[in-house]
Amino acid sequence: MIRKECHSQLETMLSEIKSKVLCEPEGNRNKLKLTLHKLETAPKSLFHTFKTALGCTNEFKLSYSYEQVETHTVSWLVTEFVPKQADIDVLRCSSSPTQALSPMSRPPLELISLDPNASQLCDVVLLKGGQVLVLVEAVGEACLHLYCYPRLGYHVSKNPIRSFKRGHDLWAFDEALRTLALYDKNSCCIHFFRFDERYEGIDRVGDVQLAHYAGTKNITWIGLIPGKREILLVDDENRLRMCNFASRMMRPRHAVLPTQLIKACITPDALCFVAIYSLRETGNGGDKINENGTNSISENMSISIYLLDDSFTLLKCLSLKSMIGGNVTDFHAECKFFGPQLHLVFLFPGVHSYTLTSQVMQVTSTQQKCQIRAIDAHTEASLEACDKTHGVPGNGSLVALNYIFHAFDKYAISPPLCPEHRNLSLRFLLCPPRHDWEDDVAKGSCESLVKSLIRNLEGKGKIFEGLNLEVSFKSLRGNRPFEEGFSAQQQSIARWLKKLLCLVPVQIARAENNMLRLMIDGLEIPSNVEFSDAVSLANILHFGTYDLLLESWKGKIKVVSSMGKQSSGKSYLLNHLAGSLLDVAGGRCTDGVWMTVRWDSECMYVLLDFEGLGSFERNEQEDMLLSTLSAAISNVTIFNKKDFHMDKETEAIFQRFQHGVTLVKDDDKLFKGEFFIAVKDVDSADVEDLKVEFHEKIQTMCNRTSENFFLRMYDGQVCILAFPPFQRHEYKRGIETLASGIRETATQYKNGRCFLQDFKLVLSQISAQDWSSVESRRIIMRISTLRTHLQSAITLGHCNDGEMLANLDNDDDIKDDPMYSESGIHGSIQLQDSGLKLAVNQTGDEISGMDDIVESLRLKFQAAFPRVDHSEKAWHAAYQRFLSSLMDRRQNRVLEWLRINTKEFREDGDIQQLVLEVTTRLVELKNKVLLCSCKCSKCFLTCVLLKGHYSDHSCLGTHICSQECSFCQEEQIMYFNAETAPIIMECTDVAGHSGRHDCNKRMHTCQKNCIQYERASNCNKKCSLRANHLGEHYCNSQRHMCKEKCSLPGCENACVMAFDSEHERHVCHEQFCSVQCSMPGCMRQCATKNHFHELEADAQHFCSNKHPCAGMCEVPGVCNVVTELLKQTKRFHGQRGNFEYDFVSEQSEDRKGCCLMIPAFTRKHSGPHVHSTNTNVVHYCDKRCPDCDYYCQLPFGHAGSHNTVHGNMKKTKFVAEMEDIDLQDRKYVRGESGVAEMCAMHCRARGRGHTHLIPCPEVEGNGCCTGKLYDGARHLSKGKCQLLGVKTPLDEMTHDTYWEYISFVDPCEEDEREVFSLCNHVCLSEEHDSGTTTEKSYCTEKLWHDPVPKATSAHSGSGGYVTEDGHHFTCDHAKIAPHNVIFVMDKSGSMSSRDIVPTMAMFQSDRLGCVFEAVLRFIRMRMQATTSSGFHVEDTVSVVLFDTVGQLCVHTKPISESVVHNLLHYQAAGGTTYSSGLEVAGRILGESRGNPQLDGKAPVIIFLSDGGNNGGTDPVYEVHKMRMKDPRLVLHTIMFGTDLAGKILKDMANAGNGTYQLSLDEVQLARSFEDLAKSLQPKLVALCNC
C-alpha cells in the first residue's frame, strides 16, 4: 500500500527506469513502456479503487506505465473486479447466505498520471454513480488536491475541484451524505465539507473543535459512519469515541482498544466497527522475524468487531492469521456489500502480485451475534471464536417472527386517530425432522415464544387493543405438499388499494441552499423541466399515488405536522398517532419533508414529517422556510421536545420561526392551525410545573413584540401536552388526548382536491420565495387551469382530456341537454353538446374550417328535417334557428362552467377580464353561423352557405325541382282506370321556381320564350301557359326582378326591384350595412339598417354589441407584481472560488388592461381605465428596494415605511478595506457582485455593529460633501473611500439608520436590531481564545459612541477596563493580552530621504528616523494602557531591519523605551528585498514556539517599507510559511510614502490575517502605529449600490 516511508523506494525504482531509458536511442525515449510485476510501493488506499471486488481469492497485476522521461510521469492503472449478475440473482433467491461468489475482472484503465517528484497518490474512492474521487498530495507543499472524474479511465487533464493547503493530516469520506472530514493536528480540529449533488463543487459546512472535549487529543484515526452525522475517533491512548458533528456532541461512553490501532473500517450498514491491532510488541522495536526471515505481522495481529451504539459492545475477536491462512507483511482491509452479503475484504501482497480475498460477515442485529466465514465453492469454515451474545434471546429459526414483532415495536398496533379493528393470523407449519417428534412440545414452544414477544412489547407500553391475534398450527408429515386455504376478513378492493397506495411515504421537499427544493414523485425535479413562476411550478408538482388518493377524497381534510429538534421522536409520535409508516431511528432519519395519509369514515389526515430543526445541516433561513410551510398548511403542528425545559436551543428555534412572521399574509384558509408542544419523558408529578414554566416563557416571548409567530402564524392557539416515557402505558393515553384535540380542530378544506391545489401552491410559493398573497396566486392558478381547457370547451364543449365540463372543486358536471325540438316545422333531434365541434381550433393546426363544421351540422339537421317536405322559407329559418340554438347552448354551458369555477373570485379584475374575453369569443362564434340570404346562383332556393362567403351562392343541392308534375297529376285524375292512366312525371324545372310544376316531356305548356326573358334576373325563360294559349308568353316567375347589380360599390348581389318599375338606385335584398364594425378587434358587421350606410358622409360603423376596452389601467400604483422564478440554483464564479447559491426570483410590474366595456355605438367608456370594478381592489406601491429591486407589498399611497420580503442583492457590489472578503463560508473579492446574498440574511450574517454604505446624497458639483448629515450617518473621507476601492463619495450608516433612510421596514427582529446597534470593538485578551473564556468580549457601548473616560469603570463599579481609544469592556483579565511583537522595517537607501522628518529631535532627520519615532509611540501606547488598567504588560519586542539582507537588531526584549534607543546608530543604505527581513522574522517565530516563556504570547509582525520589492522569494509565500508554523500569527503592513508597492503589501496583510495601511507623512505613520496598539475593530465591509 502507498506509505510515506516507502517513498524513497519509489524514487529508487524511478532512477533505475530512468537509467534504462537513457541507454535507449534519443528518438525512442518517449515510446518506451516498462511493466513492474513486483510492486512494493502501491498506494496505501489503492483498495478503494477495487471497492467492488468479490469473495473468491484472486490475483491480479498492477502496472506502472512510464512515458516521457523528461517529465517523470507515473501513470496509475486500475483493474476493477465486479460480481457476475447471475451469481447475485442466485444469491438473493438462495436460502443460504453463505454461497460463494465468482468475480469478473475488467480491462485495466488509466486512473491518473502524476509526477512522483511533485505529487503522490493518497486515496481513491469509487462512487456508486460511477464517479471517481482522487486525492493527491503535493510533495513539499503540504497541499492536498481533490479531483473528481466522471468515470474510471477518464484521464483528461483538469483542475482540482478544491485544494486544501493545510489541516489534512487525516481524512474520511461518507458517500451517503457526500461529506468529507479533514483532521488538522495542529489546531486539534476536524473540518467538514460537503459536495454538491453532481460532485462539481464542495463547500465547508462546519468544524468540531476537539480541544473543547476533555480527554480527546492526538487523534490517530477517523472514520465517518455511513448515512449518519457521526464520526468515530481513535486517539493515541487507544480510546474509541463517537461524536455527532451535527449537534457537536460527544457520546458519553468510550471503548479502550487493547493496543495501538493499525487498520480499521466501518461496515457500510453503520452497524459495526472493525479494528485490527497488534497483540504484542517485539523486543527490538520492530516486527517479529519468522523462520523465513520475513516480517510476520499477521501472527501478532487480532481483529475485533464492536457494535456501533452507546455500549461499544465487543461482538467478536479472532486472530488475523486464522482468517487469511498465512503471514503477510502488509495489507489493506475494507467492508463491502455484495448483494445481500457483507464481506470483509483483504488486499495483501505476494512476491510478484497482490492477492484479493474476502470473508463473509453475518451480523444479526436482534441477537447482536457476529459470525465471520471464509467462503469458496467447495468448503465452508465457521469461525466462532469468542462469540458474544447479549439482549433478548431468540430462536434463530423464527427470525421472520422477530421481524413481525419488531414492526409492532416501532409502529402502532391500534392508532387512536384512525382506529381500526384488525385480524392477524399466525400459522406455524411444523415439519418433524425425525420419527420421535412430538407436535405438542413444538406447539408449546411456539406459543411460549409468541407470548414472550407479546410480554416484551407490553413491557414497552404497547397495548394490543383492536388487534385479534390468532395462533394456529399445521403439521406436515412425509413429503406431502402443503395445501390449505386461509379464510381472511373480507374488505372492499378499493379500500385495500387505498391502504396499499399509502404504505410508503413520499418525500415532497428538502431544505437546501437557503431554499425549499421541491420534489416530483419523491425525486428531484429534472433540469429539463421548465417553469417560470410559482403557478407553473405548482402545475407540474406530483406526489405519486397520493395525488390519486387526495383527488378522489370527497370528505374533510386535516393536516397534521410534526416538527422539533433532531431525534426528538417526531416520526415515532406520528406513527403511533395515526398508524403511518414513517422511518424511525435513533439518529437523523428524516431529510426534508415527507408526506403520507390516513383516514377514517369522516376525515382524511395528511401527515407531514419534517426533518429536525436547528441541526448542523440547516441554517436559519432553511428552518424558517420549513416552519412557515408547516404553519401555513397545517391544522395542527406538533412541536416535539425531549426535555421539559424551555432551553436556549428551543428559544433559538422559535426565533427562526419568528423570522417568517413578516412573510405571513392574511388568508381565509392558511395559518389557521393550532400549535401543540409535545414534551416527552415527563413524570406525572412534574406536569403542572412544566405547564407553568412553558406558559411563562411563551408569555414572555409574546410580550416582546406583538408580531410574534404564536399570534401571526397560529392565532395564539397554543397547547402544551406532557407525555410520559414511551415505555409506559400512560404514553398511549397521551396520544389519545392528542388525537382527541386533532379531531376537534376546524378544517378549511371541504375535499381533497381543494387541499391539494392549495398545498402545491403554498409549496411552490415558498420554494420560489414569492411572498405575495396566496389568494392572488389561487386566482392566477385557477385562470391558468381554465385557460388550459378553454379552447377545448369552446370548440368541443368538454375539457382537453375529453372529460365533461365540471366544477373543478368537486367534479359536478355542467348540465348538457341533448334534445333539440323545432316547433316551426314539427320535429326533434338529439345532439349532445359535449363533443360536438362548433368552432375552429385557434392553434391553426386543423385543415377543416368553419364551413366544414357548418356543413356537418347541416347534414345532421337535413337528415332529421328533409328540405323537400317543407316550404323553402320555413326550412331555411328553422335551419338558422338550429345553428343559433347550438351556439346559445354552448355559450350557456361555457359561461356556467366559468361562473361555477370563479364564483369565489368574481370581483377580481383578471376573472372579469376572462369572462369578458370568453363572452366576446362566444358572441363572435354565434355570428359566424349566420346564413346567407341570397338565392342560389343555379336555382331559386336560398343559399345555405355562411354569410359573407366568397364563392358562388349555392343551395348545396341538385338545383332540380323534386316535386311531381302538376299537369301529369291533373291528367291522371281524368282516367277512371288507374292501370291505363299515364305515369306522373317529376318536375324538371330548377329548384325553388314559382308557379306550377312541369315535367317538360309531354308538351303540357307552350315552351316558347317568355317575353321578359333576358330582361329580368329571375325569369324562368320558357312560357308556363298551356300549349296553344292566346296572348303573350309568360314564365312561372310571379315577379320579374331588375337584372342589374346593386348600386353599392363592391356588392355583387342583383337588384330586387321590379324591372319594369322606375328606380334610380339598384337595391339588393341586403338591408344592413355591409361594412365591418370599426372597433378594434371586432369582426361583426355594422348594425345600421341601411345597406348604403357607408356612402353617407362621416358614417360611423358600429355593431350593436358592447366592446372590451383596449386601454391600460390608469390607476396610480402597480396593478400586479409578477414574481418570475428563474433557475433555482446558480453557481457564483468568483476570483477566490465558486459556490452554489439561491437565485430566488425577479420581480416586474404587470400593468393590467382595462376591464370596462365600451357601450354600443360609442368609442370609449366614461371614467378612467381600471383593471377591476371591485372598489376594494389594491394597487401596490411602486417603490423598490434599492438593493434587491423587490417591490413594496403595501398599497399605493400607504402611510409609513415601505415593506417587502426582499430577494437577492443583485444591484450591489462588495466594497471593503481589504481585498479578500470572507463571509461565513463564502469567499469574495472586493468589487464582486452581491447577487448571492439576500437582504435580511446578509444583515444577520454580518451581525453586531455592522454598517451600510450609500452614495453620499449631499455631494456638490465639485465632489465635496455639504456636511448635512443626520443621526446614525457619517461621511467617509476621500482617503477612506480610496481604501474601500471606490471613487464615489460615500456615507456610512448604522443598520437602523439605513433602513430608515431607504424608507423600508427593517426585515430583522427587534432583538437582532438591538445587537446591530452595539459597538463591534473586541477585547484583545488571548484568554478569549485559550478556552478560559468561551465567547468574545465586545465593547458595552453603542456603535460610534464617544470615547469612554478612563476612570468610568472604576468610579461606576461596573468592573472591566477601558482601552486607550475609549472602549469599555466588562471582562476582567489578570493581564492585558500579551504579544510577541516583531517589527520588520525597511532600512534601504530610500529611507535616507529627508522629504519626511520626525518631530522629535532625538531621531535622525530622515524617513528612517520617522519610523523609529513611530515605534516609540507604539511602545508608549502599550505601556500607557497598563498604567490606566493596573495590569502588568508582558509584551516582548524584536526588531529586524532589512535591505538586501535582514539584520536582527533587537531579539525578544521586554517592552520598554530602551528598545528604540538601541536602534539609533543604524543608518539607511542598500536595496529592498522583503524576503530577507521575513526570513529573520520566521526564525524568531520558530525559536519562540519552543520557548515556554514566549509560546503563550500571540505573535504579531508589523512590516513597513517605502518602496517595492526587488528579488528574493515571494514574500506572500513567506507569510504563508510563517502562518503554518504558528496559525495565531497576525501580520500588519504599512506603506510609508506613496502607494508604489501597495498591491504586494495588501496581499501580505491578507495572507497574515492583518491590515494594510498607507501613511503618506510622519503624522499618519505615527497614527498607524498607535492604531495597532489599540483595541481591535473589524474591518469595514459592506454591500453598496454604487
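Per-residue SASA remark: HIS1275, around 60 Å² accessible (1.4 Å probe; ligands, DNA and RNA not included). For the stretch 905-1039, the Cα-based Rg and Dmax, in that order, read 24.4, 82 Å.
Using only the Cα atoms of the stretch 698-766, build the gyration tensor, take square roots of its eigenvalues as a ≥ b ≥ c, and label the shape rounded, prolate or oblate: rounded if a/c is under 1.5, else prolate if a/b is larger than b/c, else oblate. Since a/c reaches 1.5 but b/c is at least a/b, the shape of the stretch 698-766 is classed as oblate. In the stretch 969-1127, the portion of solvent-accessible area held by carbon and sulfur atoms comes to 50 percent [1.4 Å probe, whole percent, DNA, RNA and ligands not counted].
May I ask which of LYS128/LYS336; LYS1211/LYS1543; LYS928/LYS1152; LYS1213/LYS1278; LYS648/LYS1227; LYS410/LYS680 have a Cα-Cα span longer than 21 Å here? Beyond 21 Å between Cα atoms: LYS1211/LYS1543; LYS928/LYS1152; LYS648/LYS1227. The separation of the stretch 978-1033 from the stretch 1160-1219, counted between C-alpha centres, amounts to 82 Å. Between GLU420 and SER452, what FRET efficiency comes out of the Förster formula 1/(1 + (r/R0)^6) with R0 = 25 Å and r the beta carbon distance, rounded to 0.05? In this case the efficiency is close to 0.40. Protection proxy ranking of 691-699, 1179-1187, by the mean of other Cβ atoms within 10 Å over each peptide's residues and highest first, is 1179-1187, 691-699.
Measuring nothing but protein heavy atoms, the accessible surface of the stretch 1136-1290 at 1.4 Å probe radius is 47 percent carbon and sulfur. Take each peptide in 463-474, 1381-1392, 1542-1553, count the other Cβ atoms within 10 Å of every residue, and average; sorted highest first, the result is 1381-1392, 1542-1553, 463-474. Distance between the 7 Å Cα→Cβ label points at SER994 and GLU730: 10.8 nm.
The mean accessible area for residues of the stretch 854-973, using a 1.4 Å probe and ignoring ligands and nucleic acids, is 46 Å² per residue. Peptide packing for 266-277, 563-574 was compared via the average number of neighbouring C-beta atoms within 10 Å per residue; ordered from the highest value, the list is 563-574, 266-277.
Reducing the stretch 510-557 and the stretch 106-147 to their Cα centroids gives an inter-centroid distance of 40 Å.
Under a 5 Å amide H cut-off, with hydrogens placed 1.01 Å from N, LYS316 pairs with ILE305 among residues at least 5 apart or on other chains.
Between GLU1014 and ARG495, the FRET efficiency from the beta-carbon distance, with R0 = 60 Å, is close to 0.10.
Pairs LYS558/LYS750; LYS837/LYS926; LYS641/LYS691; LYS760/LYS1210; LYS498/LYS760; LYS228/LYS565: which are spaced more than 18 Å apart, C-alpha to C-alpha? Correct reply: LYS760/LYS1210; LYS498/LYS760. Label-to-label distance for SER951 and THR1162 is 4.4 nm, based on points extended 7 Å past Cα in the beta-carbon direction. Coordinate range of the alpha-carbon atoms in the stretch 880-931 per principal axis, descending: 38, 16, 9 Å.
Note on SER1078 and GLU237: the extension gain reaches 293.1 nm, defined as 0.36 nm multiplied by sequence separation minus the Cα-Cα distance.
The values are calculated or read from the model by the stated rules, or taken from the named source; none is laboratory data. Here the structure is a predicted model, which is why all the values come from computation and not from measurement. Positions of Cβ are backbone-derived with ideal geometry, glycine not excepted, and every protein chain shown enters the neighbour counts. The protein model used for the area step is the full one, side chains on, heavy atoms only, and it has no ligands, DNA or RNA in it. Shrake-Rupley method; radii C 1.70, N 1.55, O 1.52, S 1.80 Å.
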